[in-house]
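Participant: Okay, handing you the structure first.
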Amino acid sequence: MGYMSDLQSTYRTTDGAIFTGRTRIKAIYVSPDTTTGSVSITDGNGGTVLYRIDVPLGSSAIYMSLPEDGILFKSGAYADLTTVISATFFWA
């Protein structure tokens with residue numbers, strides 16, 4: 001049994017590129033701050049939001065594994081971090 005793709009990761013503490021080419025986000029790990037926050041991922045820099053997760057006040061770290069093929073970002077994946085300490089994005 002072989003691998004379908006090589007999984008990679010990007011760690012961010014600010015808004016910016018996760019990967020600038022066509023990619024699929026497979027999972028996300030978020031370290032919350034002391035207030036309510038969110039993480040949005042857009043298709044391309046400033047493009048359509050294809051994924052958003054809210055981070056509730058007082059929550060512990062959040063790990064979200066996305067189903068099977070993940071979410072396709074045709075124009076690259078860009079993160080918008082709002083009141084979170086950091087996020088790690090797993091992509092292929």
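Participant: On a full-extension model of 0.36 nm per residue, what is the gain between THR36 and ILE53, subtracting their alpha-carbon distance, rounded to one decimal in nm?
Facilitator: Once the chain is fully extended between THR36 and ILE53, it gains 5.0 nm.
Participant: Expressed as a fraction of 2.2 N^0.38 Å, the rule-of-thumb size for a compact globular protein of N residues, what is the C-alpha radius of gyration of the stretch 46-92?
Facilitator: Values: Rg = 11.9 Å, N = 47, 2.2 N^0.38 = 9.5 Å.
Ratio of Cα Rg to 2.2 N^0.38 Å: 1.25.
Participant: Could you derive backbone 3J(HN,Hα) for the stretch 20-29 from the dihedral phi with the Karplus parameters 6.51, -1.76 and 1.60 (θ = phi - 60°), listing whole Hz in sequence and x where the residue is Gly or Pro?
Facilitator: The phi angles translate into 8, x, 4, 7, 10, 7, 9, 7, 9, 10 Hz.
Participant: Next question. Provide the solvent-accessible area of ASP6, counting protein heavy atoms only and rolling a 1.4 Å probe, rounded to the nearest 10 Å².
Facilitator: Accessible surface of ASP6 is approximately 120 Å².
Participant: A further question follows. Once amide H atoms are built 1.01 Å from N in the peptide plane, which residues 5 or more positions from GLY44, or in another chain, come under 5 Å H to H?
Facilitator: Residues meeting the criterion, in which the H sits 1.01 Å from N, are SER75, GLY76, ALA77, TYR78.
Participant: May I pose another question? Which whole-Hz ³J(HN,Hα) couplings does the stretch 7-18 yield from phi under the Karplus relation 6.51 cos²θ - 1.76 cosθ + 1.60, θ = phi - 60°, glycine and proline marked x?
Facilitator: In residue order, the calculated couplings are 7, 10, 9, 10, 9, 10, 10, 9, 4, x, 5, 8 Hz.
Participant: Please name whichever of THR36, LEU72, VAL49 sits farthest to the positive end of the charge dipole of the chain, dipole taken about the Cα centre and charges placed at Cβ: Lys and Arg +1, Asp and Glu -1.
Facilitator: LEU72
Participant: Let me ask something else about it. Given N residues in the chain, what is its alpha carbon radius of gyration divided by 2.2 N^0.38 Å? It would help to have the intermediate numbers written out before the result.
Facilitator: Working: Rg = 12.8 Å, N = 92, 2.2 N^0.38 = 12.3 Å.
Scaled against compact globular proteins, the figure is 1.04.
Participant: Separate question: Just how large is the dipole of the chain about the Cα centre, in debye to the nearest 20, putting +1 at every Lys and Arg Cβ and -1 at every Asp and Glu Cβ?
Facilitator: 140
Participant: Full extension from THR20 to THR83: what is 0.36 nm times the residue separation minus their Cα-Cα distance, to one decimal in nm? Walk me through the intermediate numbers first.
Facilitator: Details: separation 63, 0.36 × 63 = 22.68 nm, distance 2.34 nm.
The span from THR20 to THR83 would gain 20.3 nm if fully extended.
The values are calculated or read from the model by the stated rules, or taken from the named source; none is laboratory data. Since the structure is predicted, the reported quantities are computational estimates derived from the model, not experimental observations. Ideal geometry is used to build each Cβ from the backbone, glycine not excepted, and the neighbour counts take in all protein chains shown. Please note that ligands, DNA and RNA were not included when accessible areas were found on the heavy atoms of the full protein model with its side chains. Shrake-Rupley method; radii C 1.70, N 1.55, O 1.52, S 1.80 Å.
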